[in-house]
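Here is the structure we will look at, set down as structure tokens.
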């Protein structure tokens with residue numbers, strides 16, 4: 001075996017970060033489907049590691065690793081295309097193999113290499129204890145199914161990482177601020193957008209931020225991490241407008257390079273007086289809700305961060321009366337409604353039910369659960385408690 | 001006219017955007033605008049007359065194209081934006097730098 005080629009292959013496999021990962025339904029589904037379509041007792045998505053073959057999904061085989069020295073799939077990944085063994089007992093490459101001689105007495109094997117980053121990292125394989133063959137059409141179908149598995153394998157790599165980055169950006173719990181009731185949640189889309197929210201204590205009260213970085217996946221997640229970090233640090237020393245301007249300046253090149261921009265709402269609330277100072281960079285999805293009905297949409301005239309280098313965002317002011325709540329959402333929520341006005345009317349109805357902040361967040365998320373949007377959904381509520 | 005087809009109106013290049021200006025289409029449009037700016041004098045009109053939906057990636061391509069055009073001493077204008085596109089531009093206040101022109105002819109006039 002060419003050791004440098006094998007090293008490349010192993011690197012491609014490790015980069016997928018799927019070895020010894022917990023079972024995933026999306027792979028189990030393909031395996032069950034293949035078992036049914038090809039009418040074979042054993043099917044596996046196998047990952048071929050340095051000295052072992054690891055079933056990532058399987059039916060009829062058991063979930064334990066198989067030493068590479070005896071695994072058919074080891075031969076498959078070293079070849080170019082599909083490996084077909086109609087009857088292993090009469091195939092001199094495999095006739096003396098312990099998996100043929102002993103349990104599970106393999107006679108038939110068909111394996112399609114799974115490629116990632118140009119390398120054969122594993123196989124989708126069909127096995128039977130009876131000899132048989134594949135028709136040309138079945139052979140094509142095995143290739144198609146393998147391609148489906150490849151798509152899933154490579155998607156998971158970027159998505160899993162992006163999800164992890166995004167998850168770590170989110171606060172694990174709300175700070176305890178007397179007089180305020182806070183809750184927030186971000187539900188990432190399948191492909192992970194650039195939503196995040198944040199809160200921190202600053203001079204004069206609590207700062208709350210909801211932002212949506214344009215784009216998907218890792219790029220959006222990394223830009224979101226940058227915006228969050230710069231804004232957090234700046235907010236400790238500067239007023240809101242200055243903090244946002246510094247963030248825009250710091251992030252300008254990164255956002256330009258990725259042809260991205262960020263819509264962002266940030267507010268500072270004095271829990272004692274209910275005074276709210278806020279800036280809005282093209283976000284436009286913040287509203288103050290009264291428990292007795294009525295809603296005031298907060299003014300948004302600024303453009304998103306990164307859209308125009310000359311932009312600034314002068315702070316505006318509002319006041320939350322006791323019992324009133326500030327609701328800020330991302331545009332993923334808006335997708336569930338025909339118009340922004342309709343969304344605000346619905347929020348108003350929900351607010352009249354006298355819910356706690358966490359209940360209001362869940363109620364808004366519930367309203368968006370039917371939509372098929374590819375966008376993240378973020379909802380944050382800060383409610384000033386009744387005196 | 002086909003998707004992405006370009007035409008020249010008196011020195012101004014008109015790029016026609018596709019039906020859905022989303023994550024899939026946005027990079028293509030951005031590339032096309034960049035190339036148009038390189039080859040011409042930087043005056044570009046994006047015709048949104050056939051575009052029923054734009055998402056944030058689509059907006060990113062338009063803003064990115066606008067920056068490229070302005071750096072080259074030109075500009076990017078949009079024409080014939082539909083209801084959804086107009087709403088998204090208004091919500092994000094991006095209509096301040098991407099003013100919707102009613103039609104391609106209006107957008108191509110008076111540079």
Take the alpha carbon atoms of segment A:184-240, find their radius of gyration, then divide it by 2.2 N^0.38 Å using N residues; give the quotient. 1.21
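Does segment A:182-297 come out rounded, prolate or oblate by the C-alpha gyration tensor, with a ≥ b ≥ c the root eigenvalues, rounded set by a/c under 1.5 and, if not, prolate when a/b is larger than b/c and oblate if not? Don't jump to the answer; show the numbers that get you there.
Values: a/c = 2.10, a/b = 1.38, b/c = 1.52.
It comes out oblate by the Cα gyration axes.
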B:111, A:148 arranged by Cβ crowding within 10 Å, fewest neighbours leading: B:111, A:148
Give me the angle, in degrees from 0 to 90, between the Cα long axis of helix A:240-257 and the longest principal axis of the Cα atoms of chain A, rounded to the nearest 10. 30 degrees
Could you give the length gained by full extension between residue A:17 and residue A:176, i.e. 0.36 nm per residue of separation minus their alpha carbon distance, to one decimal place? 53.5 nm
Return the whole-Å distance between the Cα centroid of segment A:222-246 and the Cα centroid of segment A:311-387. 23 Å
Using only Cα atoms, find the angle between the long axis of helix A:136-169 and the longest principal axis of chain A, and express it within 0 to 90 degrees, rounded to the nearest 10. 30 degrees
Let me make sure I get this right: for segment A:261-356, a, b and c are the square roots of the gyration tensor eigenvalues over alpha carbons, sorted descending. Under 1.5 in a/c it's rounded, otherwise prolate if a/b > b/c, else oblate. Which is it? oblate
Give the relative contact order (percent, whole number) for chain A; include only Cα pairs under 8 Å separated by 6+ residues. 13 percent
Cα gyration tensor shape for chain B, rounded if a/c is under 1.5, else prolate or oblate: rounded
Shielding score for B:92-104, defined as the mean number of other chain Cβ atoms within 10 Å: 4
Can you sort A:242, A:249 by how many other beta carbons sit within 10 Å, fewest first? A:249, A:242
Give the peptides A:347-357, A:319-329 in descending order of average Cβ contacts within 10 Å, highest first. A:319-329, A:347-357
Over all residues in A:331-340, what is the mean tally of Cβ atoms on other chains that come within 10 Å of each residue's Cβ? 1
Protection proxy ranking of B:52-60, A:51-59 - average other beta-carbon atoms within 10 Å, highest first: B:52-60, A:51-59
Report the gain in length on full extension from residue A:167 to residue A:10: 0.36 nm times residue separation, minus Cα-Cα distance, nm rounded to one decimal. 53.7 nm
Which value in nm describes the separation of the simple spin-label points at residue A:63 and residue A:139, placed 7 Å from the Cα toward the beta carbon? 3.5 nm
Between segment A:110-153 and segment A:7-36, the Cα center-to-center distance that results, in Å: 12 Å
When Cβ neighbours within 10 Å are restricted to other protein chains, what is their mean count per residue of peptide A:300-310? 5
Helix B:26-39: angle to the longest alpha-carbon principal axis of chain B, degrees 0 to 90, nearest 10? 10 degrees
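Read the figures in this text as sums done on the coordinates, not as results from a lab. Fair warning: this is a prediction, and the values are worked out from it, not measured in the lab. Cβ coordinates were reconstructed from backbone atoms using ideal geometry, including for glycine residues, and neighbour counts include every protein chain displayed.
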